[in-house]
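One structure is given below, encoded as structure tokens.
The values are calculated or read from the model by the stated rules, or taken from the named source; none is laboratory data. Only a predicted model underlies this, so the values are computations on that prediction, with no experimental measurement involved. With ideal geometry, Cβ positions are generated from the backbone for all residues, glycine too; neighbour counts draw on all protein chains shown. Keep in mind that these areas ignore ligands, DNA and RNA; they rest on the heavy atoms of the full protein, side chains included. Shrake-Rupley method; radii C 1.70, N 1.55, O 1.52, S 1.80 Å.
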Amino acid sequence: MPGLIVSNHQSTWETLAALILFPDVAIVAKRELLRIPVMGWYLRHSPMILIDRASAAASLREMTLQSRAALALGRPVLIFPEGTRKAVGEPIEFRRGVEFLYKALGVPVLPVVLDSGRFWGLGGLPERSGVITVSLLEPINPGLSAKDFTRTAQAAMQAEVGAIEKRRVAAPGLSAGWLASPQMPELRP
């Protein structure tokens, strides 16, 4: 069953990796990315959900319509609820659009946490080698209030950020990370 995927956002890596981790995913992306060479071409030729953040109400409606269409086709929808890339160590704080999408879609949500920012900078290119950790957390079922959903998802994701860091510090000589199942888990309401 397709669902909504929410992930922290630290670099360009996760946008590209999501296409492998979650086959046939529809990624919510800001329309201004179309201006970036290569990435813009790719987005124009991919079935993404492009929104214009300049018009909040219109973009929420469009994001919801396109997300429903993707889900109806059996495609999961990925959104980066922080709205933009954040540096490693910054707290996970969702923007309001994901609350609206959670309530409007009424599907299970898969929280994803990664640490790509340790190796790929905010500028978009790799800065050093290493293994990026990707954690797929317990799904959150539909039916919570928007505030409870946000509180639950942010807390779980922030706790996993801490757990990833703790494991990294405990084994500093190991560069190996781990990758949870690259298959979309079955999400049941």
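Scalar couplings 3J(HN,Hα) for the range 63-71, obtained by applying the Karplus form with A = 6.51, B = -1.76, C = 1.60 to θ = phi - 60°, are 4, 5, 4, 5, 5, 4, 5, 5, 4 Hz; x denotes Gly and Pro. Close amide-amide hydrogen proximity is noted between ILE5 and VAL77, LEU78, ILE79, LEU110, each under 5 Å apart and 5 or more residues distant or on a separate chain (H modeled in the peptide plane; Pro and chain starts excluded). The LYS30 and VAL169 beta-carbon pair, evaluated with R₀ = 41 Å, returns a calculated FRET efficiency of approximately 0.75.
Counting only DSSP beta bridges with both residues in the range 1-121, tell me the antiparallel percent, nearest 5. Walk me through the numbers on the way to the answer.
On the way: 0 of 12 bridges.
Bridges in the range 1-121 are about 0 percent antiparallel.
Round to a whole number: what % of the accessible area of the range 1-70 belongs to carbon and sulfur, probe 1.4 Å? Roughly 65 percent of what the probe reaches on the range 1-70 is carbon or sulfur.
Put simply, the amide H of LEU50, placed in the peptide plane, has neighbours under 5 Å in ALA29, leaving out anything fewer than 5 places away on its chain. Residues TYR42, TYR102, ordered by accessible area of protein heavy atoms at a 1.4 angstrom probe radius and largest first, appear as TYR42, TYR102. Between SER46 and ALA72, the contour length at 0.36 nm per residue exceeds the Cα-Cα span by 7.6 nm. For the range 31-83, a crude dipole built from +1 on the beta carbon of Lys and Arg and -1 on the beta carbon of Asp and Glu, taken about the Cα centre, is about 120 debye to the nearest 20.
Take the range 1-47 with all the other protein chains still there, run a 1.4 Å probe, and you get 49 Å² of accessible area per residue.
Ordered by 1.4 Å accessible area with all protein chains kept, VAL88, VAL161 run largest first as VAL88, VAL161. These residues, ILE20, ILE36, go from largest to smallest accessible area, 1.4 Å probe, as ILE20, ILE36.
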